[in-house]
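The values are calculated or read from the model by the stated rules, or taken from the named source; none is laboratory data. Just so we're clear, the structure is a prediction, and the values are computed from it rather than from any experiment. Using ideal geometry, Cβ is built from the backbone for each residue, glycine included, and neighbour counts are taken over all protein chains shown.
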Amino acid sequence: MSLFAAAAAPLKPLRPALLALPLILQLTACNTQPSVPDSAAARAAAVPVQPEGPSGWNQKPGWTVQRFAVAAAHPLAAEAGYEILKAGGSALDAAIATQLALTLVEPQSSGIGGGAFLMHWDGQKVQALDGRETAPAAADEKLFLLPDGKPMNYLQSVVGGRSVGTPGLLPMLEQAHRQHGVLPWARLFEPTIRLCEQGFELSPRMHAMLMGDSHLARDPVAGKYFFGADGQPLPIGTKLRNPALAQVLRQIAAGGAKAFMRGPVAADIVRRVRGHAGNPGLLSEADMAAYRPKAREAICTDWRETWRICGFPPPSSGHLTVMQILGMLPQQDRGQALAAGIPSTAWLNRYAQAANLAYADRAQYIADPDFVAAPAGDWRSLLASDYLRERAGLIGERSSGPAKAGQPGPLRVSYAPQGAQPEYGTSHLSVVDAQGRAVSLTTTIESVFGARIMSDGGTGLAGGFMLNNQLTDFALNPRDAAGRPVANRLEPGKRPRSSMSPTLVFDRRDGRLLMTLGAPGGSAIIHFVAKSLIASHDWGMDLQQAFSLPNFGAFNGPTLLEKDLFPASTAAGLRALGHEVLERDLTSGLHGIQRSDLGAPGQKKNSGWLGAADPRREGAVRGE
């Protein structure tokens, strides 16, 4: 496959017009389910709570570029990546700079105290790098069980040191930089260090997340940084400076990831985790020093006649579950699948049933491959054409209700399926550079503001970075009533299952990179990415149009529709077909870049790119 090269051209000034909508505040850690009929209460309770509440709708028309672009969840983060691309940096260089800036300007979603999955395209091959957090060596499957053997509720589990896993983001980024970096490592830290010192304005979205959280203000560092003397979040537009983070980043810029994983910074992280007043954890300095990122084999799956979709393997469930859903759905063009420009009742009926089948397999089989064997000895068995054909045969004209896991190989497993529980947090960024190299990076601290612990890295200065609560992505209840273990139960050194779905799409006919995309959204990430791929391929939409479509999903329970974006007739039609329908805020944060001529192999090789950002968040695209 050849590298992409493009002639220089200025960025077209397609700046999105902001639509001023009231901020809808939502309790991000203790959302309540809307009332449903008693007969549906148990199933409704199994629907995952959305990771981050809504904060308005900012219309995004898309950005056209010729040479390179970065799409990220905050304009200042995109600007940091753009600065690096302008300086001659690679896509990987720009991704690192963008992620560092997100640590500062979007601390509720990701940062250096968390982890990530990275998909990289160097023009010849796809690489998958795993920077997922790991369980402490002293932890075991009973970590989230009460003395009576029942699991803690989510808030008991997440707030405090108990939920903090060993952060893996920086070691993974450093390993990737050694392979694919062009600019010096220290140069990539300059934009964020400058922002830390000069300050940035507290955004409407961050303010909404602060307003909806009742725990963060109790942390001694975060309480002083984000809140005023009256205990209320600082006002929108307040200039936040973060000297502690600046100092930590200087240490990492000079000393590499080991300056974070060992020494004073690591000691401060561990002190705050183990010394938490209400919920201490088990993370140790030995856990920090022992962490190693992993190179995984990307799973690339042919879909339809023209696309090859590459995604992350386990411990992510993202690609497998996305491709199971796509593999069970027949191709329908725009006229067949849409009604008045949005997915029709008939199409959603089939999609929801396919999703239920895929999520049943996800709950049964997928976990850290270093601890759990793949069904039939190969994760691709879940995507085998014969198996998906068999599963698709279970989809009927009416809802078939909750699904059971299938049997993709000759050997049955003894694991119990994992029960439903919340999955949170996350951000996504996509980059394409002037040489056609590309990154798709999904990054997380899990819940909104993670474990609600902020570390100043031992600097004693104001500010710092948030610590993850990634251990709550393990099964809080590790065994079923019969004592059978759940595949995704907590074990020492294990990486929790994820839904993160960083994705690269290629043209099967000539190998060209067509797009890089991904999303935050907990277990709904899978639906957001699946929606975008279907809308782009089957319905002829560009990524910006696809991202702006109403969201929908099913998690092997009720069918979800994005609140206020579907007509009443859609929910009524689905109920008539036997679905239990819930209308919810489904706050995706899709970001992606697609080739402008994605349907024309062998032609217009230098036609440029279209960058796209989800209107539900603050994201932007920068490039030229």
Options Ala576, Ala524; residue that is among the aliphatic types (A, V, I, L, M) and either in contact with a His (Cβ under 7 Å, 6 or more places away or on another chain) or surrounded by fewer than 19 Cβ atoms within 10 Å (Cβ to Cβ) (or both): Ala576
message: If I ask for residues that are over 19 Å from Phe465 (Cα atoms), in a loop (DSSP other than H, G, I, E, B) and more than 23 Å from the chain's Cα centre (by Cα), which ones from region 280-308 would you list?
response: Leu282, Arg304, Glu305, Thr306
field: region 374-390, residues that are in contact (Cβ under 8 Å) with a residue 40 or more places away in the chain and under 27 Å from the mean Cα position of the chain (by Cα)
entry: Ala374, Trp379, Arg380, Leu382, Leu383, Leu388
query: Consider Asp361 against the criteria (1) closer than 24 Å to Thr570 by Cα; (2) surrounded by 15 or more Cβ atoms within 10 Å (Cβ to Cβ): it satisfies all of them except one. Which criterion is unmet?
result: (1)
message: Please go through region 119-178 and give me each residue that is under 16 Å from Leu282 (Cβ atoms), among the charged types (D, E, K, R) and outside any loop (DSSP other than H, G, I, E, B), ordered by number.
response: Arg162
message: Contact list please: Cβ distance under 9 Å, first residue in region 219-232 and within 21 Å of Arg271 (Cβ to Cβ), second residue of a type in the set (Ser, Thr, Tyr) and at pLDDT below 95, pairs at least six apart or on different chains.
response: none
task: Have a look at Ala612, Ala554 and point out the one that is surrounded by 18 or more Cβ atoms within 10 Å (Cβ to Cβ), aliphatic (A, V, I, L, M), farther than 18 Å from Leu517 by Cβ and within 18 Å of the chain's Cα centre (by Cα).
output: Ala554
Criterion: at pLDDT below 95 and more than 21 Å from Arg617 (Cα to Cα) - qualifying residue of Ala91, Ala87, Ala128, Ala44: Ala44
- request: Please work out if Arg205 is touching an Asp or Glu at 6+ places or on another chain (Cβ under 9 Å), crowded, with 18+ Cβ neighbours inside 10 Å and of a type in the set (D, E, K, R).
  value: yes
task: Could you list, in sequence order, all residues of region 226-249 that are assigned to a helix (DSSP H, G or I) and either hydrophobic (A, V, I, L, M, F, W, C) or under 15 Å from Glu174 (Cα atoms) (or both)?
output: Phe226, Ala244, Leu245, Ala246, Val248, Leu249
query: Just checking, which of Val581, Val529 is among the β-branched types (Val, Ile, Thr), touching a Lys or Arg at 6+ places or on another chain (Cβ under 9 Å) and either crowded, with 21+ Cβ neighbours inside 10 Å or more than 30 Å from Asp510 (Cα to Cα) (or both)?
result: Val581
- request: Out of the residues in region 271-287 that are of a type outside the set (Lys, Arg) and buried (at least 22 other Cβ atoms within 10 Å of the Cβ), state the one that is farthest from Leu173 (Cα to Cα).
  value: Gly281
Residues (farther than 30 Å from Arg292 by Cα, in contact (Cβ under 8 Å) with a residue 60 or more places away in the chain and either in a helix (DSSP H, G or I) or touching a helix residue (DSSP H, G or I) at 6+ places or on another chain (Cβ under 6 Å) (or both)) located in region 179-209: Phe200, Pro204, Arg205, Met206, His207, Ala208, Met209
- request: State which residue pairs qualify: first residue at positive phi and inside region 555-579, second residue outside any helix (DSSP H, G or I) and of a type in the set (Lys, Arg) in any location, beta carbons under 6 Å apart, and separation of 6 or more residues or different chains.
  value: Gly578/Arg398
- prompt: Here is a list of conditions, (1) among the hydrophobic types (A, V, I, L, M, F, W, C); (2) over 30 Å from Ala267 (Cα atoms); (3) at pLDDT below 95, and Val439 meets all of them except one; can you say which number that is?
  reply: (3)
message: Tally up the residues in region 250-262 that are in contact (Cβ under 8 Å) with a residue 12 or more places away in the chain, among the small types (Gly, Ala, Ser) and either in a helix (DSSP H, G or I) or under 16 Å from Gly113 (Cβ atoms) (or both), please.
response: 3
- request: Quick one: which residue in Arg479, Arg584 is in contact (Cβ under 8 Å) with a residue 60 or more places away in the chain and more than 24 Å from the chain's Cα centre (by Cα)?
  value: Arg479
statement: Being under 20 Å from Ser399 (Cβ atoms) and crowded, with 24+ Cβ neighbours inside 10 Å narrows Ala346, Ala355 down to just Ala355
query: Within region 75-95, which residues are over 16 Å from Leu441 (Cβ atoms), part of a helix (DSSP H, G or I) and over 20 Å from the mean Cα position of the chain (by Cα)?
result: Glu79, Glu83, Lys86
task: For residues that are crowded, with 24+ Cβ neighbours inside 10 Å, farther than 30 Å from Pro204 by Cα and touching a helix residue (DSSP H, G or I) at 6+ places or on another chain (Cβ under 9 Å), tally how many sit in region 108-128.
output: 2
query: Which condition breaks for Met152 when tested against (1) under 30 Å from Ile84 (Cα atoms); (2) at pLDDT below 95?
result: (1)
